[in-house]
Amino acid sequence: MKISTKGRYGLTIMMELANRCGEGPTSLRSIAQRHDLSEHYLEQLVAPLRNAGLVKSIRGAYGGYVLAKQPEEISAGDVIRVLEGPISPVEFAEEEDPAKRHLWLRIRDSISAVLDSTSLQDLISFEDDGHANNYMFYI
């Protein structure tokens, strides 16, 4: 399974909001500028995240987006499933060979377990070799 830019940039949005949790709304423009991304593209990604109840929009001059839940309550799997759809390495339902079908299911379940056990809080507090994570370089 390959995560597209939708999933990667969606995690970028969510990590930015998690980093600013409790500080008020964050504009997509500021996220786009910080990560050198298209604001228009981020707007397309935030709509399904809002519809799924992961983010809330705040209107007004100082509006933007905030997380709908605490960073530790939202998993990477929540974000990836909203933007990428079901997690599946192959279309294994049509697989006739039981051994290969079992392999595809194990791969799917392993990927799901990693994504579902990794919260936004885990991502924004990640440390590598004792150095604070500037996650901009990991996405």
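Listed values, structure above:
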{"read-out": "FRET efficiency estimate (nearest 0.05) - Cβ-Cβ, R8 to S110, R0 25 angstrom", "value": "0.80"}
{"read-out": "Cβ-based net charge around A32, under 13 Å, with every Lys or Arg adding one and every Asp or Glu removing one", "value": "-2"}
{"read-out": "Stokes-Einstein translational diffusion, the chain - Kirkwood Rh over all Cα pairs, 0.692 mPa s, 37 °C, in µm²/s", "value": "204"}
{"read-out": "Label-zone membership for the stretch 55-98, site T118, 7 angstrom Cα→C-beta point, backbone N under 13 Å", "value": "75-81"}
{"read-out": "A99 paired with H35, simple spin-label distance in nm, labels 7 Å along Cα-to-beta-carbon", "value": "4.2"}
{"read-out": "Contour excess over end-to-end distance, with Cα ends at K69 and F126 and 0.36 nm allotted per residue", "value": "18.6 nm"}
{"read-out": "Extended-chain gain in nm, criterion 0.36 nm per residue less alpha-carbon gap, E23 and M1", "value": "4.4 nm"}
{"read-out": "Summed residue charge, Cβ within 11 Å of S119's Cβ, Lys/Arg positive, Asp/Glu negative", "value": "-4"}
{"read-out": "Charge context of E73, other residues only, Cβ under 13 angstrom, K/R +1, D/E -1", "value": "-3"}
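Values quoted throughout were computed directly from the atomic coordinates according to the rules given, and no laboratory measurement underlies them. Quick caveat: nothing in here was measured; it's all calculated off a predicted structure. Glycine also receives a Cβ, built like all others from the backbone with ideal geometry; neighbour counts cover every protein chain displayed.
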